[in-house]
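*Asks:* Got a structure here, written out as structure tokens. Questions coming.
The values are calculated or read from the model by the stated rules, or taken from the named source; none is laboratory data. Everything numeric here is computed off the predicted structure, so don't read it as measured data. Please note: Cβ atoms are built from the backbone with ideal geometry, for glycine as well, and neighbour counts cover all protein chains shown.
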Amino acid sequence: MAVCAAAAEVLVGSHPSLELLFEISGVPGPPPQAAHHTKWKAWLFREANKPNADSLTMLGNLIGEFMDVEPATDVELWRSRREKLIQVLETYHLRYFPGGRVLPTGQLPAEIAQSDLVGKPSSVEEVLERLIRGLTLAMYPLTNRRKGVLALSFDAESDLQDLLHAMMRPWINDIRAEEYVPSYAGKSSRIDFLLPEHKLALELKYVRDLSHGKTIGDELTIDIDHYRKHSECDRLWCVIFDPRFHLQNPKGLTNDLSGIRSSPNGKLDVRVFIIPHRK
């Protein structure tokens, strides 16, 4: 009931709008006849405790928008309420993941499951793939630090770049950050990270909002045209961090950009990672 009450506290709206939210979140009706302040927790508690109910999916669907989307106003209040909900979940051995997923503490979403991360890497490509797919795991202890210690945030492209740079340094000797590439169409550019020993470049993108999500493909297409001209770059790995799921067609974006991209300027083997992963 405490978890249900904490979830209900962050649900704001009229009775019809919240009843619709419960419906699309997979919480069966009918709603209980109760006052506004008790109706939502009682409804969730009733349905989540029925035999065979997928209670964590219901809970995640209900709170997902609140947890993942920063409001345009009253941001400090939102952060305070969000942190309170996280603490209640942790008290009852639950953990929230982006995309409306609530799992028992110690259990991870399939894309970052511990079984995928064990074993000794056999190549630099395997090291890099593990680091990239483990970015959200690496963020968690930095954004959820002990009481009284400043928590770090990862709200911009530069935050993501710094984290991945720090993770790569124990594994790779020669990492060139912000490496210039020859000008293309009168414009110069920089590679986020160039690993010249492996002729591999890394470009990171942070999807800020829905509008930006629509232009990511165009940005990376321009980057590919630039990077093809670099003599020490045969491969480009594009890492797109989309924590609030603003990309409308991630699979289509991956398919469009991946593979050998050739032009009179050269060719480049492109690989795309979208973090967090989704099917």
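*Asks:* Six or more apart or on different chains, Cβ under 8 Å: which pairs go from a residue in region 78-105 that's on the phi < 0 side of the Ramachandran plot to one that's among the basic types (Lys, Arg) and buried (at least 17 other Cβ atoms within 10 Å of the Cβ)? Could you list them?
*Replies:* Taking only residues 6 or more apart or on different chains, the pairs are LEU89/ARG95; PRO98/ARG244; VAL102/ARG95; LEU103/ARG95; PRO104/ARG95; THR105/ARG95.
*Asks:* ILE222 passes all but one of (1) modelled with pLDDT of 85 or more; (2) of a type in the set (A, V, I, L, M); (3) crowded, with 20+ Cβ neighbours inside 10 Å; which number fails?
*Replies:* (3)
*Asks:* On to the next question. Could you list, in sequence order, the residues of region 247-270 that are surrounded by fewer than 19 Cβ atoms within 10 Å (Cβ to Cβ), modelled with pLDDT of 90 or more and not β-branched (Val, Ile, Thr)?
*Replies:* ASN249, LYS251, GLY252, ASN255, ASP256, SER258, GLY259, ASP269
*Asks:* When both residues are 6+ apart or on different chains and their Cβ atoms are under 8 Å apart, which pairs have a first residue that lies in region 25-39 and is in the same structural domain as THR57 (by TED's automatic domain parsing), and a second that is among the acidic types (Asp, Glu)?
*Replies:* Short answer, once both residue conditions are applied: GLY26/ASP54; VAL27/GLU47; PRO28/GLU47; GLY29/GLU19; GLY29/GLU23; PRO31/GLU19.
*Asks:* Okay, next question. I'd like to verify a number: residues in region 136-183 that are in contact with a strand residue (DSSP E or B) (Cβ under 8 Å, 6 or more places away or on another chain), assigned to a loop (DSSP other than H, G, I, E, B) and of a type in the set (Val, Ile, Thr), how many?
*Replies:* 2
*Asks:* Now, a different point. Among the residues of region 204-218, what is the count of those that are surrounded by 13 or more Cβ atoms within 10 Å (Cβ to Cβ), without any contact (Cβ under 8 Å) to a residue 40 or more places away in the chain and not β-branched (Val, Ile, Thr)?
*Replies:* Within region 204-218, the subset surrounded by 13 or more Cβ atoms within 10 Å (Cβ to Cβ) is 204-208, 212-214, 216-217.
Those left that are additionally without any contact (Cβ under 8 Å) to a residue 40 or more places away in the chain: 208, 212-214, 216.
Imposing the further condition that a residue be not β-branched (Val, Ile, Thr) reduces the set to 208, 212-214.
Result for region 204-218: 4.
*Asks:* Right, something else. Among the numbered criteria (1) within 27 Å of THR136 (Cβ to Cβ); (2) among the charged types (D, E, K, R); (3) not in a strand (DSSP E or B), which one does ASP192 miss?
*Replies:* Condition not satisfied by ASP192: (3).
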